[in-house]
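In what follows, a single structure is set out as structure tokens and then discussed.
We did not get these values from a lab; they are worked out from the coordinates using the rules stated. Remember, predicted model here, so these are calculated numbers, not experimental data. Please note: Cβ atoms are built from the backbone with ideal geometry, for glycine as well, and neighbour counts cover all protein chains shown.
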Amino acid sequence: MGLSCSLAGVPFLDGGMWALGGEIRWFVPDHASCFECTLTDEDRKHAHERQSCSGFSNQTLDAIAQPVPSTISTTAVIGGLLAQEAMRHLYGWEVTHGEAIVYNGLTMTMHRTTLPRDPNCSCHLPYREVIELNSGVAETTA
Ligand SMILES: [Zn+2]
């Protein structure tokens, strides 16, 4: 999803959580880091192992030793922040990009952290401009 949004020039709002914490991150094309900049080599390896949109390959599932629990309060905080940020974007208000807003439920604190832009990231080049042809599918072949 992050790669497709980056290449298409569409902002991407990401959120994740663990038992007592979570974070939200905006990725706005042509600014700061993209989603792929934040991935480790291990993350990329697992991303390429996906079999479908509904799940991971059996190999990936075997690599996850324990399920990660989340609490309903953490889910509510992160879900609420995601909804608020989405509404801010829809109203045309400025959103923060290049940073993560991190919630720590153990200490009941929130902070921002910068997401570094990877200068070697291969995902910063957008799709080229679409060239429309004056012919239909029946007259055109690859
Ligand atoms: Zn990137």
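For the reader, a short list of remarks on this structure follows.
- Here the gap between THR107 and ALA32, fully extended at 0.36 nm per residue and compared with their Cα-Cα distance, gives a gain of 24.1 nm.
- Segment ASP14-HIS89, length gained on full extension (0.36 nm per residue, minus Cα span): 25.7 nm
- A DSSP coil position with no more than 15 other Cβ atoms inside 10 Å describes the following trypsin sites (Lys or Arg not before Pro) in region 85-142: ARG117, ARG128.
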